[in-house]
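Take a look at the structure below.
The values are calculated or read from the model by the stated rules, or taken from the named source; none is laboratory data. Predicted model, so just to flag it, every value in this text is computed and none were measured. Note: ideal-geometry Cβ built from the backbone for every residue, glycine included; neighbour counts use all protein chains shown.
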Amino acid sequence: MANASGTRLRALSASTRLAFLSFLADPQWVIPSTIAPVVFGFAAFELYRYAGPVLVLEAVLGAAMMSMWGQTLYGSGWATGQDRELGTLEPTLTTPTPYLWVVSGRVIVNAITGLVGGVLVYLVVAAAYRRPLPVEQPLTFAVLFIFVLLTLASVGVVLAAVYVYTRYAGFIQNFGEFAFYIGTGCMFPVILLPFWTNPIALLLPPTWALDALRYATLPGYVGFSWGLYWDIAGAVATTLIYIGIAGTIFRRVEQHVLESGNLGDY
C-alpha cells in the first residue's frame, strides 16, 4: 500500500511538473486565462465604479471566475486530448498508476494558472479603485477563493474523464463555457435566475462555493436561504461526489484498454 501511494504521488508530481514546463514552453493560454479577464474586469469596473463598492467587487468576482473557469475548462479538455493527439493515451492508461493521477497533475497546473489570472484581476481593479474593496472577511475570502478553485478542478477532472469518450470536446468546451458562467453564478448570483434553474445549478460544486464566497465577501448579500456554512458543506459533498465519478469513469476506461488494447471505438 505504501509503495502504491508513493508511486501515485510520484506520478502526480511528474505530471504536474511536465504540465508546468509545457505551459512555459507554449503559454498559449496566457491571453484567455490572464489578459482577457483583466480587460473584462477593468471594463466592468469602469462601468460600475460610480455605482458603489459592492457592484465593483461583484465585477471583480465575475472576471476572476472567468479566468479560473475558462482555464480549467479548456485545460481539462487538453488533459486527455493531448494524449489522444500524441498517441500516448492507451500506453498511459495501461501503466500501473491510475490515469486519474496523471490527469490530476495537469488539471492542477491549469487551475493554478486560472487562480493567478483571478488574483491579477483583483489587484488591477483594486489599484484602479484606489480604495479598499469592501471585503467583509478578508481571510475567509482568501480561503474560499482557493476553495472555489478546488470545486472547479473537480468539475475539470470529470470533464477530462468524459472527454475520453467523445471526439467533440471542442464543441462541449465552447458551448459549456458561457453556460457555466451563468449557471453557476460566476457572472451574477444564481438566485437571480428563474427558480427552476436552481436545482440544476446545485448539481455543480462551484455553485455552492461561489454562493459561500459571496456571503463572505459582499456586505448584505442574500443568496440561498441556508447560508454560508451549508453552502460550504454542499460544496464539499458535491466535490467529493465529482471526484468519485471521475475515478469510476477512469477505472472503466482503464479496464476497457486492458481488455481490448485500444480506444478505437471512441
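Worth a mention:
- Residue under evaluation ILE108, criteria (1) in contact with a Leu (Cβ under 6 Å, 6 or more places away or on another chain); (2) closer than 19 Å to ALA209 by Cβ; (3) modelled with pLDDT of 75 or more, criterion not met: (1)
- From THR72, THR97, THR88, THR80, residue being within 30 Å of ALA11 (Cα to Cα) and either in contact with a Pro (Cβ under 8 Å, 6 or more places away or on another chain) or at pLDDT 75 or above (or both): THR97
- Test result for THR197, touching a helix residue (DSSP H, G or I) at 6+ places or on another chain (Cβ under 9 Å) and either surrounded by 19 or more Cβ atoms within 10 Å (Cβ to Cβ) or modelled with pLDDT under 80 (or both): no
- Failed condition for GLU254, given (1) closer than 21 Å to ALA160 by Cβ; (2) among the acidic types (Asp, Glu); (3) modelled with pLDDT of 85 or more: (3)
- Exactly one residue out of VAL60, VAL39, VAL54, VAL116 is surrounded by 17 or more Cβ atoms within 10 Å (Cβ to Cβ), modelled with pLDDT of 70 or more and either among the hydrophobic types (A, V, I, L, M, F, W, C) or touching a Phe, Trp or Tyr at 6+ places or on another chain (Cβ under 6 Å) (or both), and it is VAL60.
- Region 204-238, subset among the β-branched types (Val, Ile, Thr) and surrounded by fewer than 23 Cβ atoms within 10 Å (Cβ to Cβ), residue nearest to LEU61 (Cα to Cα): VAL222
- Residue match in region 212-222 (condition: modelled with pLDDT under 85 and under 29 Å from ARG106 (Cα atoms)): yes
- Among (1) of a type in the set (A, V, I, L, M, F, W, C); (2) farther than 21 Å from VAL143 by Cβ; (3) crowded, with 17+ Cβ neighbours inside 10 Å - the single one ILE245 does not satisfy: (3)
- Index of the failed condition, SER225 passing every other in (1) part of a helix (DSSP H, G or I); (2) free of Cβ contacts under 8 Å to residues at least 12 places away in the same chain: (1)
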